[in-house]
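J.: This is the structure, below, for whatever I ask next.
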Amino acid sequence: MSEMAPPTIPVTQDVEQKYVVNHAHAQSYLTVKTTYRGLEAERWRRYLESKPLVELGEEYANYYASFFNALDLMRPLTISDDLETNEVTVNEAYVIEGLWSKSEDAYTFVVSGDIVDDYLTKPDLIRRKTPFRFGTEGAVRQKIKLSLPESWEIEASNHTINGPYFEFQSSLSKISAPGETLFDKTYVEANYFYRSKKRHVEASELRQYLGDIDDAWNSVDYEFTYRP
């Protein structure tokens, strides 16, 4: 997917995750770069300043550790703050021991648009008479890049929802990168984009909104499987 955000919509949270994926018997690696802009930068600046860097590093690591069997820091979390452009950037790096899940004779690993998924919310009370508030002020973009340890068949995917309440895009595609022939690797990129169009969903419109949310949820995850 090319430029995913319309130029008039500022991307206030931009996340790039890079996986070096190895087979189940070896370590894999994950780096994450998150850039907050505008109002999101101001909000996160206050939050990040409220805690010691070590404690923040543990919070971020615990988040990703919940996805895998074992995860350790590759290097400490770092934060850069550009007041002139009003951008806060957080960099993370991890070693993953338990990236693959084994089921019978197969190993499986799932990538997920977990950051964008946080905005695909439903009200706790479905039968309601008052509007449901949701969304964010700007757009959210998430890019996941993976290097897979062998030649891999990739089924390209592209899904778009452009309803009255939010815009959502997800895609998966094989890309070219140095070393794919020499090292027998496959390079893949998953892209996600979300922006809310309204701040409220009226009770009478809730059914359509919930249908769009379910549609988006069905294209958030991509699964990779291999048999040794």
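J.: Please determine, by comparing only the residues of the range 140-157 that are more than 12 Å from Tyr187 (Cβ to Cβ) and among the aliphatic types (A, V, I, L, M), which one is surrounded by the most Cβ atoms within 10 Å (Cβ to Cβ).
T.: Within the range 140-157, the match that is surrounded by the most Cβ atoms within 10 Å (Cβ to Cβ) is Val140.
J.: Please name all residue pairs, on different chains or six or more residues apart, with Cβ atoms under 9 Å, provided the first residue is in the range 41-64 and is under 25 Å from Ala139 (Cβ atoms) and the second residue is of a type in the set (Lys, Arg) and open to solvent by less than 70 Å² (accessible area, probe 1.4 Å).
T.: Glu59/Lys51
J.: Please go through (1) open to solvent by 40 Å² or more (accessible area, probe 1.4 Å); (2) outside any strand (DSSP E or B); (3) over 18 Å from Tyr226 (Cβ atoms); (4) not small (Gly, Ala, Ser) for Asp81 and return the number of the only condition it doesn't satisfy.
T.: (2)
J.: Name the residue that is least open to solvent (accessible area, probe 1.4 Å), counting only residues in the range 22-61 that are of a type in the set (Phe, Trp, Tyr) and outside any helix (DSSP H, G or I).
T.: Tyr36
J.: Tally up the residues in the range 86-109 that are loosely packed, with under 14 Cβ neighbours inside 10 Å and of a type in the set (A, V, I, L, M, F, W, C), please.
T.: The number of residues fulfilling the criteria is 1.
J.: Of all residues in the range 156-178 being among the hydroxyl-bearing types (Ser, Thr, Tyr) and assigned to a strand (DSSP E or B), which is farthest from Arg207 (Cα to Cα)?
T.: The residue in question is Ser173.
J.: Kindly establish whether Ser176 is within 29 Å of Pro10 (Cα to Cα) and free of Cβ contacts under 8 Å to residues at least 40 places away in the same chain.
T.: Spelling it out, Ser176 is indeed within 29 Å of Pro10 (Cα to Cα) and free of Cβ contacts under 8 Å to residues at least 40 places away in the same chain.
J.: Would you confirm whether any residue within the range 183-201 is assigned to a helix (DSSP H, G or I), small (Gly, Ala, Ser) and either surrounded by 13 or more Cβ atoms within 10 Å (Cβ to Cβ) or touching a residue at least 12 places away in the same chain (Cβ under 8 Å) (or both)?
T.: Checking the range 183-201: not a single residue is assigned to a helix (DSSP H, G or I), small (Gly, Ala, Ser) and either surrounded by 13 or more Cβ atoms within 10 Å (Cβ to Cβ) or touching a residue at least 12 places away in the same chain (Cβ under 8 Å) (or both).
J.: If you go through the range 100-155 one residue at a time, how many are among the aromatic types (Phe, Trp, Tyr), at pLDDT 90 or above and assigned to a loop (DSSP other than H, G, I, E, B)?
T.: Within the range 100-155, residues that are among the aromatic types (Phe, Trp, Tyr), at pLDDT 90 or above and assigned to a loop (DSSP other than H, G, I, E, B) number 1.
The values are calculated or read from the model by the stated rules, or taken from the named source; none is laboratory data. The structure presented is a predicted model; accordingly, all values stated were derived computationally and were not measured. All Cβ positions, even for glycine, are placed from backbone atoms using ideal geometry, and neighbour counts span all protein chains on display. The protein model used for the area step is the full one, side chains on, heavy atoms only, and it has no ligands, DNA or RNA in it. Shrake-Rupley method; radii C 1.70, N 1.55, O 1.52, S 1.80 Å.
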